[in-house]
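So the structure is just underneath, and the comments pick up after that.
The values are calculated or read from the model by the stated rules, or taken from the named source; none is laboratory data. What you are looking at is a predicted structure, and each value in this text was computed from that prediction instead of being measured. All Cβ positions, even for glycine, are placed from backbone atoms using ideal geometry, and neighbour counts span all protein chains on display.
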Amino acid sequence: MNKSLKISLLLFFVLYGFLFDACEKQETQYDLFPLKVGNEFYYKYFKGQLMAGTNGSETWKVVSESSQGNSVKYLIERKLNAILTFFNNQRVITDSITYLEVTEDKSSLISFLFLSGSNISFKRYQNVNQYVIDHPATGTTTPSWIYIFNADSGLTFCDYRHPPNQVTHIIMHLDSLKKIP
């Protein structure tokens, strides 16, 4: 084997090793909250209170996205359709609309206020395919919550209990998702 062929083969293996090593070290980044205008999240919804219960569905739709300085604000329309039961009386709730504002900064840190009234923050893109935010109650006067976010699905489960004595209990479970390509 001539000298130039040996050098070429050596160079090939060295470059191949560097490329293989570089590819191997790249971590997969998962989108834990796909916030794109038009995406819709369909939830099964339950809210239990001392003498009342609300059972139905809630749809979240990303309706707008706007740049504000170094961040992006997403507006999510929340539409509740459910039956409220109070003792033996029932009331149908149709298209009750509220809004949730989610802010994402340049580093992909997402922040929002949801059921807890506390600021919830986490990195939107991570190398894990599930992220859990768990805040257990520290007594009868503090709320507790657990939010579970899954790759490419967003919020897939929520369990929130509000004091005193965890009387209000809200559970949401992702039923389906419609993502805009």
Considering only residues that are more than 10 Å from the chain's Cα centre (by Cα) and in contact (Cβ under 8 Å) with a residue 24 or more places away in the chain, look in the stretch 124-134 and name the one that is farthest from Met172 (Cα to Cα).
Asn127
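Here's the yes/no breakdown for (1) out of contact with any Ser or Thr (no Cβ under 9 Å at 6 or more places or on another chain); (2) without any contact (Cβ under 8 Å) to a residue 24 or more places away in the chain:
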| position | (1), (2) |
| --- | --- |
| Leu100 | yes, no |
| Glu104 | no, no |
| Thr138 | no, yes |
| Pro143 | no, no |
| Pro163 | no, no |
| Val167 | yes, no |
Can you name every residue in the stretch 160-181 that is surrounded by fewer than 19 Cβ atoms within 10 Å (Cβ to Cβ) and over 26 Å from Val63 (Cβ atoms)?
Pro163, Pro164, Asn165, Gln166, Val167, Thr168, His169
Residue among Arg91, Arg161, Arg78 that is assigned to a strand (DSSP E or B) and either modelled with pLDDT under 95 or farther than 22 Å from Gly48 by Cβ (or both):
Arg161
Residues within the stretch 122-158 that are surrounded by fewer than 13 Cβ atoms within 10 Å (Cβ to Cβ), in a strand (DSSP E or B) and modelled with pLDDT under 95, tallied:
1
Inspect all residues belonging to the stretch 30-40 and state whether any of them is over 27 Å from Arg161 (Cβ atoms), at pLDDT below 95 and exposed (fewer than 14 other Cβ atoms within 10 Å of the Cβ).
no
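Could you tell me which residue of the stretch 41-54 is surrounded by the fewest Cβ atoms within 10 Å (Cβ to Cβ), considering only residues that are touching a residue at least 60 places away in the same chain (Cβ under 8 Å) and part of a loop (DSSP other than H, G, I, E, B)? Steps first, please.
Pass one, the stretch 41-54, residues touching a residue at least 60 places away in the same chain (Cβ under 8 Å): 41-50.
Next, from what is left, pick out any that are part of a loop (DSSP other than H, G, I, E, B): 49-50.
Numbers: Gln49: 14, Leu50: 7.
Filtering the stretch 41-54 for residues that are touching a residue at least 60 places away in the same chain (Cβ under 8 Å) and part of a loop (DSSP other than H, G, I, E, B), the one surrounded by the fewest Cβ atoms within 10 Å (Cβ to Cβ) comes out as Leu50.
Keeping to the stretch 55-79, report how many residues are over 21 Å from Ile110 (Cα atoms) and surrounded by fewer than 19 Cβ atoms within 10 Å (Cβ to Cβ).
Narrowing the stretch 55-79 to residues over 21 Å from Ile110 (Cα atoms): 55-58, 79.
Then keep just the ones that are surrounded by fewer than 19 Cβ atoms within 10 Å (Cβ to Cβ); that gives 55-57, 79.
Counting residues in the stretch 55-79 that are over 21 Å from Ile110 (Cα atoms) and surrounded by fewer than 19 Cβ atoms within 10 Å (Cβ to Cβ) gives 4.
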